[in-house]
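Here is the structure we will look at.
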Amino acid sequence: MASLCSNNLEACVSSNQLCKSFGIKLSPNAQVVQIAKNAGFDSLFIDLEHAWLTLAEASNLCNVGHLCGITPFVRVPHQCGNGFVQRVLDGGAMGVIFPHIHNAADAKAAVRISKYPPVGCRSMTGQMPIFSMRGTPVDETIGFCNKSGSTVFAMIESKDAVERADEIAAVEGVDVVLVGSMDLTIDLGNGGEFDRPEYRSSLEKISQACRIHGKVFGVAGVYDNQELQNWIINELGARFMLVQQDSSLISSGGGKAVKSLPTVK
């Protein structure tokens, strides 16, 4: 098969390891991808929902990811349309993160646009970055992309979606059920309070649905909280986590650097 790209999420899950993802919101510079790789991240979480990156910039980041051996995933804007998702995948993403999935119908729609026939309705194009821009037989393109080159992340970010976690996880073609922690806690009435029982019980319900249906359980939005992360990873079985993002690291690192300066005497 012509693709030189590997899906690190698949490799991590098969070896019972955590796929550690680095979020990119601010920087279109390819060097940030190299930094993420050198830091030990397995994948990129390129954010087109809450950020200012263009499609072209996202594609460039994806392709540097391929060259560095770090798997690029892209979060798209809510209800962005099939054409937008098409361009994200054709541009080099190995998976699409769909925010605000509320039910099985939403999840099925995400799978349909992400996969080639007969699974979905994705349109075929010629040379693609995922195959190093080489011409690739149609059957090979469909086989690789449907299996490994178009991971579908269904984000649960609301109370009603938690109640429907089982039906969302049951959708064939959904690979990862990913909790959007901040929006979920806001919808639960306690924004950002991850120690509240409502949030923790929601994670337990979603992780159970993932176990029942053989889907990867993932969590986003929990940063620098080792105790909570340990519970999510080792008790609930999360195998995908958005660990940090460029904007948060710059903000926290900058604040720490300023506070560490000695006072003028």
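A few remarks follow.
- Close contacts from region 201-224, counting a first residue that is closer than 19 Å to SER148 by Cα and a second that is open to solvent by 10 Å² or more (accessible area, probe 1.4 Å) and of a type in the set (Asp, Glu), with Cβ to Cβ under 7 Å and a gap of 6+ residues or different chains, come to LYS215/ASP175; VAL216/ASP175.
- Residue in region 118-129 that is under 17 Å from the mean Cα position of the chain (by Cα), over 24 Å from LEU18 (Cβ atoms) and not aromatic (Phe, Trp, Tyr) present: no
- Residue in region 36-52 that is under 20 Å from VAL88 (Cβ atoms), out of contact with any Pro (no Cβ under 8 Å at 6 or more places or on another chain) and surrounded by fewer than 16 Cβ atoms within 10 Å (Cβ to Cβ) present: yes
- Among the residues listed as ASN29, ASN16, ASN82, the single one being open to solvent by 30 Å² or more (accessible area, probe 1.4 Å) and free of Cβ contacts under 8 Å to residues at least 12 places away in the same chain: ASN29
- Given (1) surrounded by 22 or more Cβ atoms within 10 Å (Cβ to Cβ); (2) at pLDDT 95 or above; (3) not aliphatic (A, V, I, L, M), index of the condition CYS145 fails: (2)
- Taking the criterion of being touching a residue at least 40 places away in the same chain (Cβ under 8 Å), basic (Lys, Arg) and surrounded by 17 or more Cβ atoms within 10 Å (Cβ to Cβ), the only residue of region 113-141 that qualifies is LYS115.
- Test: PRO99 is touching a His at 6+ places or on another chain (Cβ under 6 Å) and crowded, with 19+ Cβ neighbours inside 10 Å: yes
The values are calculated or read from the model by the stated rules, or taken from the named source; none is laboratory data. This is a predicted model, so every value here is computed, not measured. Counting neighbours? That spans all protein chains shown, and the Cβs are built from the backbone with ideal geometry, glycine included. Just so you know, the surface numbers come from the protein's heavy atoms only, side chains and all, with ligands and any DNA or RNA stripped out. Shrake-Rupley method; radii C 1.70, N 1.55, O 1.52, S 1.80 Å.
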